[in-house]
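The values are calculated or read from the model by the stated rules, or taken from the named source; none is laboratory data. Note that the structure is a prediction, hence the values are computed from the model and not measured. When the accessible area is computed, the model is the full protein with side chains, heavy atoms only, and any ligands, DNA or RNA have been set aside. Shrake-Rupley method; radii C 1.70, N 1.55, O 1.52, S 1.80 Å.
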Amino acid sequence: MIGSFDFVRTHSAHIGSSEIVPSPSEKISSNESASGKKNVSGTFENYLLNAVEYVNGKQMASAENVEKMITDPESIDIHDVTIAMAEASMSLSLAQTVIDRLVGAWNEITTTR
């Protein structure tokens, strides 16, 4: 799964070594699940869920690195731990800002008459 903050390569001329991912226009936008409900991949709900999963993954990776540093300090570089903690902190801060703005926008919409 691609994290919501990661850059992806959609063309072979793009710089990078990661695999080439089809552009959104090349992907099928919806499919049916086993329950018969239609899942639309580009929905706002799916975007938010993917973002929360990404933030959670960063938090879990940071916690694992700290745990590894405490139990076996020789197996991990302190810089990796610091970078993982900074990424987790930044992603959580960004998520909090987005949530605050969404709630503010929702309140603005509901109070407009």
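Computing the accessible area with a 1.4 Å probe over protein heavy atoms, can you report the carbon and sulfur percentage for segment 53-113?
Answer for segment 53-113 is 60 percent, counting heavy atoms of protein chains only.
At a probe radius of 1.4 Å, what is the per-residue accessible area of M85, in Å² to the nearest 10?
Here the residue's solvent-accessible area equals roughly 100 Å².
Once phi is turned into θ = phi - 60°, what whole-Hz ³J(HN,Hα) does the Karplus curve with 6.51, -1.76 and 1.60 give for every residue of segment 62-78, x standing for Gly and Pro?
5, 5, 5, 5, 5, 4, 5, 5, 6, 7, 9, x, 6, 8, 9, 7, 4
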